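Structure first, commentary second.
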Amino acid sequence: MTPKITGFFDDATNTISYVVQDPEGSACAIVDSVLDFDYASGRTDTKSADAIIAFVKEHKLDVQWLLETHVHADHLSAAPYLQEALGGQVGIGDRIQVVQDTFGKVFNEGTEFQRDGSQFDQLFQEGDSFHIGQMRADVLHTPGHTPACLTYVIGDAAFVGDTLFMPDFGTARCDFPGGSSDQLFDSVQKILELPDETRIFVGHDYKAPGRDDYAWETTVGEQKAKNVHVGGAASKTDFIEMRDARDATLAMPKLIIPSLQVNMRAGQMPPADDDGKVFLKVPVNGL
């Protein structure tokens with residue numbers, strides 16, 4: 001089955017969110033939504049999410065799932081806002097518990113912060129399947145960028161999050177706590193075992209040197225042949241050496257501190273204080 005897929009590009013974070021439609025009905029899923037956040041002012045905005053809401057309502061779609069490929073470090077999730085407006089269940093990989101435990105300590109969240117994934121409606125494991133209308137979706141656990149990364153294979157399309165980028169840009173970084181270039185290489189190979197014609201939809205695009213336009217759709221065949229990090233006959237040893245050396249030169253994403261605190265809570269803000277005010281923490285020398 002070939003789902004109808006509409007991408008929504010967020011200029012501020014280079015994130016692509018997707019509406020994935022059952023071609024034979026109104027059911028759909030939303031993958032990796034964005035809540036706009038201005039770090040300097042500490043203010044949120046819903047412009048990106050409102051564009052998705054408008055699209056869903058215009059096409060009279062039935063949102064059944066709000067899917068997260070992982071706990072993003074570069075943007076905040078709009079899942080709660082979308083769920084309130086459109087319905088649907090929020091799903092993520094069950095290894096979210098590992099991520100919550102790690103960053104619960106980093107942000108000194110205390111015992112009141114639940115580290116069992118209960119903030120989400122559904123925790124997926126390797127090999128799980130579910131339906132979006134008549135479309136079957138299959139779950140691949142693809143860790144490396146984070147321990148909880150998933151790839152959702154929906155019909156002839158695979159939503160890989162940050163595991164793979166466009167072939168001319170390569171692969172995800174692996175230097176966040178719990179990341180592993182060794183695991184990432186194996187996860188990429190799992191994705192590349194899908195049929196060559198499988199469409200791959202990436203979570204971000206940054207326009208590789210020499211390319212003028214943003215892009216977010218490729219195929220397994222193109223990745224196998226052309227990916228600058230894992231295409232051709234790239235060996236695991238060479239990949240790990242390259243990835244680790246490259247990661248050592250990268251700065252932290254500018255929204256990593258608010259993103260992790262919000263996204264590990266399924267897009268919810270930390271609890272308000274007695275005056276109803278919400279605060280995010282900045283761990284000094286903690287990342």
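At q = 0.16, 0.17, 0.18 Å⁻¹, what is the base-10 log of I(q)/I(0) for region 137-287 according to the Debye formula with one equal point scatterer per Cα and no solvent? Please give it to two decimals.
Per q value, in the given order, log10 I(q)/I(0) is -0.92, -1.01, -1.10.
Could you tell me the ratio Rg/Rh of region 5-96? Both radii from Cα atoms, Rh via Kirkwood.
In region 5-96, Rg relative to Rh is 0.96.
Given only helices, namely DSSP H runs of n ≥ 4 each adding -39500 (n - 2.57), what is the per-residue ellipticity at 222 nm of the chain, to the nearest 500 deg cm²/dmol?
Result for the chain: -7000 deg cm²/dmol, rounded to the nearest 500.
What's the percent breakdown of Cα-Cα distances in the chain across 10 Å bins, shortest bin first?
The calculated distribution, bin by bin, is 6, 30, 38, 21, 5, 0.
Starting from region 41-93, pick out the chymotrypsin sites (Phe, Trp or Tyr not before Pro) whose DSSP state is loop and whose Cβ has at most 11 other Cβ atoms within 10 Å.
none
Using 0.36 nm per residue of separation minus the Cα-Cα distance, give me the extension gain between Q89 and E193 in nm, one decimal.
In short, 34.5 nm is gained.
Could you give the alpha-carbon Rg of region 118-204 over 2.2 N^0.38 Å, rounded to two decimals?
Relative to the rule-of-thumb radius for its length, region 118-204 sits at 1.08.
If you average the sequence gap of Cα pairs under 8 Å that are 6 or more apart and divide by the length of region 145-202, what percent do you get for the contact order?
Reported as a whole number, the value is 44 percent.
Provide the three semi-axes, in whole Å and in decreasing order, of the ellipsoid equivalent to region 50-141 as defined by the square roots of 5 times the Cα gyration tensor eigenvalues.
26, 18, 10
What is the Å³ per residue value for the convex hull set by the Cα atoms of region 201-245?
Per-residue hull volume (Cα only) is 99 Å³.
Can you give the accessible area per residue of region 1-82, in Å², using a 1.4 Å probe?
Per residue, region 1-82 has an accessible area of 39 Å².
At a threshold of 8 angstrom on Cα-Cα distance, excluding pairs fewer than six apart, so keeping six or more, what relative contact order does the chain reach in percent?
Reported as a whole number, the value is 18 percent.
Can you give the Rg to Rh ratio for region 68-215, taking only C-alpha atoms and Rh from Kirkwood?
0.97
Apply the Karplus curve 6.51 cos²θ - 1.76 cosθ + 1.60, θ = phi - 60°, to the phi angles in region 199-207 and return the couplings in whole Hz, x for Gly and Pro.
Once θ is set to phi - 60°, the couplings for region 199-207 become 6, 10, 10, 8, x, 8, 9, 10, 6 Hz.
Expressed as cubic angstrom per residue, what is the convex hull volume of the alpha carbon set of region 222-285?
Spelled out: Cα convex hull of region 222-285, divided by residues, is 142 Å³.
Restricting to Cα pairs below 8 Å that are 6+ residues apart, what does the relative contact order work out to for region 86-181? Please round to a whole percent.
23
Are there any trypsin sites (Lys or Arg not before Pro) in region 1-68 that are in a DSSP loop and have at most 10 other Cβ atoms within 10 Å? List them by number.
Answer by residue number: K60.
Return the carbon/sulfur percentage of the accessible area of region 130-231, one whole number, probe 1.4 Å, all protein chains in place.
Whole-percent figure for carbon plus sulfur exposure: 48.
As I understand it, the dipole of the chain uses +1 on the Cβ of Lys and Arg and -1 on the Cβ of Asp and Glu, about the Cα centre. Which of I53, I154, A234 lies farthest toward its positive end?
Ranked along the dipole, the leading option is A234.
Report the extension gain between T46 and K226 in nm, rounded to one decimal, defined as 0.36 nm multiplied by the number of residues separating them, less their alpha carbon distance.
Gain on stretching T46 to K226: 61.1 nm.
In Å², and per residue, what accessible area does region 142-192 have when probed at 1.4 Å with the other protein chains present?
Here the per-residue accessible area is 20 Å².
The values are calculated or read from the model by the stated rules, or taken from the named source; none is laboratory data. Computed from a predicted structure; not experimentally measured. With ideal geometry, Cβ positions are generated from the backbone for all residues, glycine too; neighbour counts draw on all protein chains shown. Heavy atoms of the whole protein, side chains included, go into the accessibility calculation; ligands, DNA and RNA do not. Shrake-Rupley method; radii C 1.70, N 1.55, O 1.52, S 1.80 Å.
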